[in-house]
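All remarks here apply to the structure that follows.
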Amino acid sequence: MVRPKFGIISIPDVVFFPNTVLPVDVTDPIYISMVLTSIENGMFLSVLPSPGQIKQGQICAIGRPILLNDSNKDRIRIALEGIGKVILNTPLQNIPYPIWEGHFLEEIGDGGILINSGIERLNRIFNKWINLSISNSLDRENFLKQINNINQIVDYISMFLIRDVELKLIFLKTNSIFEKINMLNLLIPNEESPHIEDPGIIRVLKFFETMDTHQESLLKAS
């Protein structure tokens, strides 16, 4: 099995998802060096919200960095094109920037049990968000042309509409598309206000994640 190598950028409140393209402005000289080296050497990149998340066992998405402007020493802009989800295995370098080796995680399919009404509702929420977020009709049309499956819609909603970073990481960790569709439909109660999350559902999801983590710790200790 291929074990990808990738650099990791820390950006507060940002969690990268595998079925998306994330625009990133890079101004830190160390990160600029990492991005340009990654592009030159064909290495992948990931984004996590804080250095504290860069640890063995952490799950993250990785992608191909695409340079969108002329490189200079002060600022570069890239598009990070997601290719998959990995788990961090081995640190290869920490200074001047972190490089890790990991292994890919497979998403669990729906098994033919996806509920059309849940998918249709997420489609409406997604389109509402696009209309609110992208004012230029040509830009909006070009973006929508790239969307061709429910995994992209779920990941874009998870990356941009969910505000709680801990909750973003829960969605990133979840491998079942069926579970993610159900959770998002519960989390966003009003299609007309896609940025408003149900605080009660947030508490429930975090509670179950805490219980799952505790159970995993007990199994490892036994």
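The values are calculated or read from the model by the stated rules, or taken from the named source; none is laboratory data. Just so it is clear, the model here is predicted, and its values are computed rather than measured. Please note: Cβ atoms are built from the backbone with ideal geometry, for glycine as well, and neighbour counts cover all protein chains shown.
Here are the numbers for this structure:
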{"item": "Matching residues in the range 3-50 - criterion: being acidic (Asp, Glu) and closer than 19 Å to ARG75 by Cβ", "result": "ASP25, ASP28, GLU40"}
{"item": "Selection status of LEU186, more than 17 Å from the chain's Cα centre (by Cα) and under 21 Å from GLN58 (Cβ atoms)", "result": "no"}
{"item": "Cross-chain or 6+ apart pairs with Cβ under 9 Å, the range 92-106 first and over 17 Å from ILE30 (Cα atoms), then modelled with pLDDT of 95 or more and basic (Lys, Arg)", "result": "GLU101/LYS5; GLY102/LYS5; PHE104/LYS85; LEU105/LYS85; GLU106/LYS85"}
{"item": "Output for the range 130-170, where each listed residue is in a helix (DSSP H, G or I) and among the polar types (S, T, N, Q)", "result": "ASN131, SER133, SER137, ASN142, ASN151, GLN152, SER158"}
{"item": "The range 165-196, residues that are buried (at least 20 other Cβ atoms within 10 Å of the Cβ) and among the charged types (D, E, K, R)", "result": "LYS168, LYS180"}
{"item": "Test: residue in the range 150-164 that is at pLDDT 95 or above, of a type in the set (Gly, Ala, Ser) and within 22 Å of LEU48 (Cβ to Cβ)", "result": "yes"}
{"item": "Residues located in the range 68-86, provided they are out of contact with any Leu (no Cβ under 8 Å at 6 or more places or on another chain), among the hydrophobic types (A, V, I, L, M, F, W, C) and more than 16 Å from VAL15 (Cα to Cα)", "result": "LEU68"}
{"item": "Flag if GLU191 is of a type in the set (Asp, Glu), farther than 22 Å from ILE62 by Cβ and outside any helix (DSSP H, G or I)", "result": "yes"}
{"item": "Single residue of the range 63-99 satisfying the filter (more than 22 Å from ILE170 (Cβ to Cβ), basic (Lys, Arg) and surrounded by 12 or more Cβ atoms within 10 Å (Cβ to Cβ)) that is modelled with the highest pLDDT", "result": "ARG64"}
{"item": "Verdict on PHE208 being part of a helix (DSSP H, G or I), among the aromatic types (Phe, Trp, Tyr), over 19 Å from the mean Cα position of the chain (by Cα) and closer than 22 Å to ILE87 by Cβ", "result": "yes"}
{"item": "Yes/no for ASN127 being more than 16 Å from the chain's Cα centre (by Cα), assigned to a loop (DSSP other than H, G, I, E, B) and not charged (D, E, K, R)", "result": "no"}
